[in-house]
Amino acid sequence: MSASAQGGRPASRPTPPKASGGARGAAPGKAWGPQDLQIAGLVPMSTVDWPGKFVASLFLQGCPWACPYCHNSAIIDPRIPGVVAWSSLEELLARRRGLLDGVVFSGGEATRQIALASGMARVRELGFAVGLHTAGPYPGRLANLLDEGLVDWVGIDLKAMPDHYEAVAGRVGAGEKAWSSLEILLAHPDVDHEVRLTVYPDGPRDGLDVARAARDLGVRCFALQQAREVGTPAGFVSTRPGWDDQVRALAEDIDNLGFDSFVFRGDS
């Protein structure tokens, strides 16, 4: 899940219309357009999905990882078609020109979908900035988006140190992909960023190591997020006795590392 644990969530899902399969069932030689995106939800106005900006947020269906704290777990299955038409976004942007700064493509995992680049290009064509939430499972696709100049800001999730990643993401090799994606992002200094670490009681206890490694790579903006239970898979528990104090102590330690910007998003 690439959306902020404290950020927006998909709006109520309408009755599904016929929709394309997004990244699934790719036809040879097909020209992918924004209308091919599997859109699970649209938030017309958000002040939290891109810090400091007023944005519309698109939540795209499907994610290859299975994080226990995912607060958008209902939209992880990539086999579910989109339920929001691309035209709904364009109609919204036409009404809110001058009120919205941009559009954030979130998920799920937005980079899973082949039509993402065309959607971003269209948003730029309409005069809006483009933000991206990603967990970094597709480094090559992220590199292409950045190289093409389609993204102004990226919020990227780091879940653990590489050796502990599989325990969080549920997939072999996830850590290598995520940290590679971070390095690709940092190789584009013109693109603003926020690196987010979400912690939960049963997760790895390597948060300070993650933050320190990110700082050493050149990360400027870092956020520590405390997982909540809203929207998570059944059985997820967000707290234990003493957990809040442990997270606050971690936040103090990370703040002392000297990032240009550090944000702690606690449970309240």
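The values are calculated or read from the model by the stated rules, or taken from the named source; none is laboratory data. Computed from a prediction, not measured in an experiment: that's the story for all the values here. Cβ sites come from the backbone with ideal geometry, for glycine too, and all protein chains shown count toward neighbours. Heavy atoms of the whole protein, side chains included, go into the accessibility calculation; ligands, DNA and RNA do not. Shrake-Rupley method; radii C 1.70, N 1.55, O 1.52, S 1.80 Å.
Against the chain, whose longest principal axis is taken from its Cα atoms, helix 207-217 shows a tilt of about 70°. Between the Cα long axis of helix 174-186 and the first principal axis of the chain there is an angle of about 80°, rounded to the nearest 10. Annotation: the antiparallel percentage among DSSP beta bridges lying fully within the chain is about 15. Calculated FRET efficiency, Ala94 to Val263, Cβ-Cβ distance, R0 = 25 Å: about 0.15 to the nearest 0.05.
Seen against the Cα atoms of the chain and their longest principal axis, helix 116-125 is set at about 70 degrees. Across every direction, the projection of the convex hull enclosing the Cα atoms of segment 65-112 has a mean area of 4.5 nm². What the Cα convex hull of segment 212-268 gives, in volume per residue, is 100 Å³.
Can you tell me what the convex hull of the Cα atoms of segment 35-138 projects to on average, as an area in nm²? Over all viewing directions, segment 35-138 projects a mean Cα-hull area of 6.2 nm². Solvent-accessible area of Ser46, all protein chains in place: 10 Å² (probe radius 1.4 Å, heavy atoms, ligands and nucleic acids excluded).
The Cβ shell under 10 Å around Leu257 holds other residues with a net charge of -1, Lys and Arg each +1, Asp and Glu each -1.
For segment 45-85, applying the loop criterion from DSSP together with a ceiling of 15 other beta carbons within 10 Å to the chymotrypsin sites (Phe, Trp or Tyr not before Pro) yields Phe54. Seen from all directions on average, the chain presents a Cα convex hull projection of 13.7 nm².
Rank Ala110, Leu100, Ala174 by how far each Cα sits towards the positive end of the charge dipole of segment 56-188 (+1 on Lys, Arg Cβ; -1 on Asp, Glu Cβ) and give me just the farthest. Sorting the options by dipole projection puts first Leu100. Computed on the chain, with alpha-carbon pairs under 8 angstrom and 6+ residues apart, the relative contact order is 18 percent.
Count Lys and Arg as plus one, Asp and Glu as minus one, and take only other residues whose Cβ is under 9 Å from that of Asp267; the net charge is then +1.
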